[in-house]
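Worksheet: the structure to be examined is printed underneath.
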Amino acid sequence: MTSNTLSAESKQCIDAGSTAASPAEAAQPADNEIHSGVGVLDKTVKILDALESGPATLGQLVTATKLARPTAHRLAIALERHRFVLRDQHGRFVLGSRFAELAAAAGEDRLLAAAGPILQTLLDRTGESAQIYRRQGEQRVCIAAVERASGLRDSIPVGAMLSMEAGSAAQILLAWEDSDRLHQGLRHARFSSAKLAAVRKRGWAESINERDEGVCSISAPIRNASGQVIAAISISGPSGRMGSNPGHRYAPLVMGAGKYLTDALIKASASR
C-alpha cells in the first residue's frame, strides 16, 4: 500500500496551529506530558488523548487539554476534516473512523497471510470467484482474490477500486459504521437502511443485479480483535448460475470463511 502524501489542507492546519501560545497554554506542563518539539502536534495529541476516554464537548476539551478555546476548536475541526474526529448525535467530539481504517491497513499483512488458502477453499466449495475487500475512503479496494479457471465469472482483479454504493461487500463495509457515516453512505446507495439492518441481524449480505446486471454476490464480515469490521469476504458470479436465492445457499460458507479469518486475526493479535 502506498502512503498518502501530506495534503495542502493538512499543511494549512499545521500552519494555522503554530501561532503563539496563550498564557493559559504556556502554563507549566504536567510531568507526564510528552514534548516532541513540534508544538501543534503535541496540542493535537492532547485533543486525541482527551477523546480517548469518551465523547467531549468543546468546553470539556478545553478543560481537559488546558488549550485556549480557539486553539482547541481549530484543531478539533481540522481533525474532523480528516476523519480522525467525528461528531455524535449530540454534537460532541468523538474519535473518528480513520483510526479503524489505519488499524485495518496495519493488519492487512496478517489478513493476507491467512487469506489465500481460505479463498481457495471457498472457491472449491462454491464454484464461484472469491474476493476480500477493504474500505478505502469512499471506495472499496479488492485486496485478495481467486478466480474460476473457466466458464462465466465475475472477474475482480486485486487492486480494483469499486463503489461503496452497490454490492454485498459495500453493504458489509457500511452496515457497522457509526450512524453519521452510515447515513452519509446511504445517500447515493442502491440499498436501504432497512437492508443494512437485516445485514447486521443475520451477519451476511446479498446482492442481485445491484452492482452489475446479471451478477450476484454474497459477503460476510471479517473483524479484528476489537470486534470492528475491517474487511468483507465475498463470492460473486453470474445470477444464472448462482440462482434466484443465492444468500440462503451460500451464506453459511461465506460466513464460515469470514469467521475463520477473524479468528486468525485474533490469534495473531494475541501472540504479538
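No value in this document is a laboratory result; all are computed from the given coordinates. As the structure is a prediction and not an experimental result, all values here were calculated from the model. Neighbour counts run over all protein chains shown; Cβ positions are idealised from the backbone, glycine included.
Numerical summary
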| item | result |
| --- | --- |
| Extended-chain gain in nm, criterion 0.36 nm per residue less alpha-carbon gap, residue 52 and residue 112 | 18.6 nm |
| Fully extended contour minus Cα-Cα distance, from residue 138 to residue 89, at 0.36 nm per residue | 15.5 nm |
| Qualifying lysines (Cα of each under 19 Å from Cα of residue 259; at least 8 residues distant if same chain) | 201, 267 |
| For peptides 41-53, 233-245, sequence by mean Cβ density within 10 Å, most packed first | 233-245, 41-53 |
| Mean Cβ count within 10 Å, highest first, over the residues of peptides 111-120, 223-232 | 223-232, 111-120 |
| Charge tally in the Cβ shell below 9 Å around residue 166, where Lys, Arg are +1 and Asp, Glu are -1, residue 166 excluded | -1 |
| Candidate lysines for bridging to residue 46, where Cα separation is under 22 Å - those fewer than 8 sequence places away on the same chain excluded | 11, 66 |
| Peptides 167-173, 88-94, 71-77 ordered by average Cβ neighbours within 10 Å, highest first | 167-173, 71-77, 88-94 |
